[in-house]
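*Asks:* Just passing along the structure, written as structure tokens.
No value in this document is a laboratory result; all are computed from the given coordinates. Remember, it's a predicted structure, so these values are computed and weren't measured experimentally. Virtual Cβ from ideal backbone geometry, glycine too; neighbours counted across all protein chains shown.
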Amino acid sequence: MIFEYFDLLSGEPVYVEGVGHLRSPLLKEIYPLSGIGYNGYNLYRAFLSWDKESLLRYDKLFQFRGVDKIADKEENLSIFDMVTLLRPSRELCAEVLSFFMIEDAIWDEENRKFVATLTDDDGQHVSGEINRSNFEEVRGMMLQLNYVNLDKDTVETKYSSEESKRLWEKAQQFLKQQAEKESSEDKPEYHLSNIVSKICASHPSYNLLNIGDLTIFQLYDTFFQFGYMRSIQLSERIFSNHGGDKFDFNDWLKPISKNI
């Protein structure tokens, strides 16, 4: 499912029938203390595009029994199967889905699916579910909302047991490695920190005090649109000084993506 550009740009959650309300997080939700942190966001975003090999690496990190058996028969398993068979990746999946939704994604062991549950003053309501048949599409839609396909950096964590603390610390180690890997592969000019800094330094409206209220999609869109408009202004100046027959005054109206 391809979202409408207007829906993505609005910053409001988008309702997907049978699934729930998907959303693009605010920039301030990934701040180091008040949010999940940059490394955490990198892990969550990376999870949305992980293949089977990446999932196996994550589960092997926890040395859970059953990982080798999964590796032996992974060709017969879907991504959803691999995500949900072992507890570490299943719990990570629930966190990721819940972060990019209005609802909480709760694992239903009996029916082997995540139930999207919304709690309000009237109690709990089921909005939809994420299961084997729609998991890949849901991941794709969440990536769209993050402008894709188109050391303590979290709040203090309370542990229910020493085992949960050990697993959390291992997850922190893994997400740090993932963030470093992302940083080495991505072009540095597109890192969030550089995008935020450039917009705040050059945009007439956004600054470090208010930019945190933009969603991730709005932030990237503002960055690329602002760059596109600057290039158009340069073309206009060149045309005004030197003329030419290839200049079109309506170029500034052209979408920057064929999907927009």
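*Asks:* Where Lys and Arg each count +1 and Asp and Glu each count -1, what net charge lies around GLY11 among other residues with Cβ under 14 Å from its Cβ?
*Replies:* -4
*Asks:* Net charge around THR215, counting only other residues with Cβ within less than 13 Å of its Cβ (Lys, Arg = +1; Asp, Glu = -1)?
*Replies:* So the surrounding residues net to -3.
*Asks:* So, one more: Could you please rank LYS52, LYS198, placing first whichever residue has the fewest other Cβ atoms within 10 Å of its Cβ?
*Replies:* Result, fewest neighbours first: LYS198, LYS52.
*Asks:* May I pose another question? Just want the ordering: LEU209, LEU214, from fewest to most Cβ atoms lying within 10 Å of their own Cβ.
*Replies:* So the ranking, lowest neighbour count to highest, is LEU209, LEU214.
*Asks:* Order of LYS113, LYS28 from fewest to most other C-beta atoms within 10 Å?
*Replies:* Sorted ascending by nearby Cβ count, the order is LYS28, LYS113.
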